[in-house]
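Inspection log for the structure reproduced underneath, given as structure tokens.
The values are calculated or read from the model by the stated rules, or taken from the named source; none is laboratory data. Source: prediction; values computed, not measured. Counting neighbours? That spans all protein chains shown, and the Cβs are built from the backbone with ideal geometry, glycine included. SASA here: full protein model, heavy atoms, side chains in, ligands and nucleic acids out. Shrake-Rupley method; radii C 1.70, N 1.55, O 1.52, S 1.80 Å.
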Amino acid sequence: MKILDKYLLKTFLITFGTVFVILFFIFILQTIWLFIAELAGKDLDLFMIIKFLLFSMPRIIPLVLPLSILLASIMTFGNLAENYEFAAIKSSGISLQRAMRSLTVFILLLSIVAFFFANNVIPYAEYKFINFRRNIAQVQPALAISEGQFSDVGVYNIKVNKKSGDKGSYLTGVTIHKKSNIGDGSKTVIKAKNGELISNESSNNLQLVLNDGNYYEDVVPQKYEDRVKMPFARSSFKKYTLNIDLSELNKVDVDENNSNSSNTMLTITELNYTLDSLQKNMKTEVLSFSENNNFRTGIATIVPLKKGKFKDKQPKDILSLYTKEEQLAILTITHSNMLSTSYSVDATKVNLENKQKNINNHILAFYDKFVIAYACIMMFFIGAPLGAIIKKGGLGLPIIFAVLIFISFHFINTFGKRISQENGLSPFLGSWLSSIVLTPLALLLTYRATNDIGLINMDVILTPIQKIFKKLVRFKKK
């Protein structure tokens, strides 16, 4: 390796390492902020908090790595151009492509590492992260509930005055608000003197056994004028057991591209296998639904068709072949079947849309592993020529350009995925939309930097204005 290659590689690596650490720290703080409700006030020791953060760190890499490469490239080549080092390199007969050769090889290797990291490390970390969050509440169930404040656990808001015992499973002064699933504004309140939390590591259910309490439930009358009286039902109990579904704790996700986290825990091989199963299952369900609809009428089985009525000519009204009682039976059955079929079609439509959305999420997760690798290469070929063109290093102008480009990349990427989830765009285009949009920018900047053309050719803008100004001056003189 020549001296120039060593120098450029060393300069880039120092800048890249510094930028990566700073950005990684910023995104870690964002993760802490997003999950502060699960970490604060739950008596977690330092080891558990560190373990929690370690499992959440790998998912940050797809955001930090491309941005670090982009910013480091702009800063490195901007400093070289600003200090006239590029001018010295070009005066020696070395082109920009030749100067970028060693860094290009490094970025290619880094993109391969990023692909294997996204395919192997991130799914494993995601699996450990979700299960660790579940186990916090199962192994130490009291951690899901904080003292002196309402804790949102599934469909319940739970408040306790004091926790005691080895794992804080014995509760004193329990108040529970149950959320209404109907949406009619009704409320259910449970108060108990004490209780105990019981969990099983092999189950997603958490049992809360309450002792010596009361159960209050709003009663919503059918008549509106009776609702003003706000009636409620009250009952007392010596012992009452609540089953809380802990799977609700796993629904919070830092990357909001999908509602089901299972696709982020799969490798490419596992995604291929899962996608094949999901698509076959959906095709089978569509075929089964279409066949079942053919047997929904039921008229022929209840009122057999009159035989021998079509010897002369086909009647205009088939119902005229039947008696009044048979006609009424046919119309009643038809109306009932139409309503039933309509409800069935609506329910099946929603079910198929959810299944298609799940399939789209798996396809997006499949392509995301390749997008992260390509994004590293693309960001380098945007940042390096841009730094050589603007001729500015440091943390001023390069940060502005890097943030603008990365926000555009992230916005287009999120926008494409959202549309793809709802079948507005194919998952392939949704995943690659940001790369498709920004790749021409990388090619354009590389071309302009190679040919020593500025970022914007001001002559194209200023020349027509100068011509108009000269004509106005001549006209006034006349």
Mind checking whether some residue in the range 236-246 is modelled with pLDDT of 80 or more, exposed (fewer than 11 other Cβ atoms within 10 Å of the Cβ) and of a type in the set (Lys, Arg)? yes
Are there any pairs, at least 6 apart or on different chains, whose C-beta atoms fall under 7 Å, with the first in the range 325-345 and on the phi < 0 side of the Ramachandran plot and at pLDDT 75 or above and the second surrounded by 12 or more Cβ atoms within 10 Å (Cβ to Cβ) and not in a helix (DSSP H, G or I), and if so, which? 326/303; 329/303; 330/303; 330/322; 333/298
Pull up the range 247-294, narrow it to residues that are closer than 30 Å to residue 156 by Cβ and small (Gly, Ala, Ser), then point me to the one that is modelled with the lowest pLDDT. 259
Determine whether the range 422-430 contains at least one residue that is over 17 Å from residue 382 (Cα atoms), among the hydrophobic types (A, V, I, L, M, F, W, C), touching a helix residue (DSSP H, G or I) at 6+ places or on another chain (Cβ under 6 Å) and open to solvent by less than 80 Å² (accessible area, probe 1.4 Å). yes
Tell me, yes or no, whether the range 406-416 has at least one residue that is of a type in the set (A, V, I, L, M), open to solvent by 20 Å² or more (accessible area, probe 1.4 Å) and touching a residue at least 12 places away in the same chain (Cβ under 8 Å). yes
So, restricting to helices (runs of 4 or more DSSP H) that lie completely within the range 1-83, which ones have at least 2 residues that are crowded, with 16+ Cβ neighbours inside 10 Å and at pLDDT 90 or above? 3-34, 61-82
